[in-house]
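Taking it in order: structure first as structure tokens, then the write-up.
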Amino acid sequence: KEDSLRAISIPVQIVTGDADLIVAPGPNAQRLASLVPTAALTRLPAVGHYTFLAVCTDAGRRAQAQLCGDTPGLDRAAVHQRTIELAAQFFERTLK
């Protein structure tokens with residue numbers, strides 16, 4: 001398994017949230033980034049597992065509160081914008 005990750009030769013960008021309590025960054029994203037030689041890892045502070053989902057509406061918060069519980073003060077839309085920027089930069093660098 002680790003050998004297959006070490007054999008990856010294409011560019012890889014991994015984005016994770018430091019506050020992810022469902023898929024902890026250390027044993028997951030950080031470990032993958034350390035094994036894939038071409039991987040770049042970005043850890044976004046205060047970002048949880050569900051922050052990458054759509055911005056919650058009032059109805060969404062009532063129906064699925066667990067999917068809307070971001071770190072207090074976190075701007076989910078700003079995290080989405082930052083992730084889009086990271087993806088655009090990655091593709092601009094790697095698709096030349």
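Here, each number is a calculation from the coordinates, and none is a lab measurement. These numbers come from a predicted model, not from an experiment.
Annotations for the structure displayed:
- For the chain, the longest principal axis of the Cα atoms and the long axis of helix 76-94 meet at an angle of about 20 degrees.
- GNM flexibility winner over the chain from Gly73, Gly17, Gly48 (Cα, springs under 10 Å): Gly73
- Extension gain (nm, one decimal) between Gln66 and Ile8, 0.36 nm per residue minus Cα-Cα: 17.4 nm
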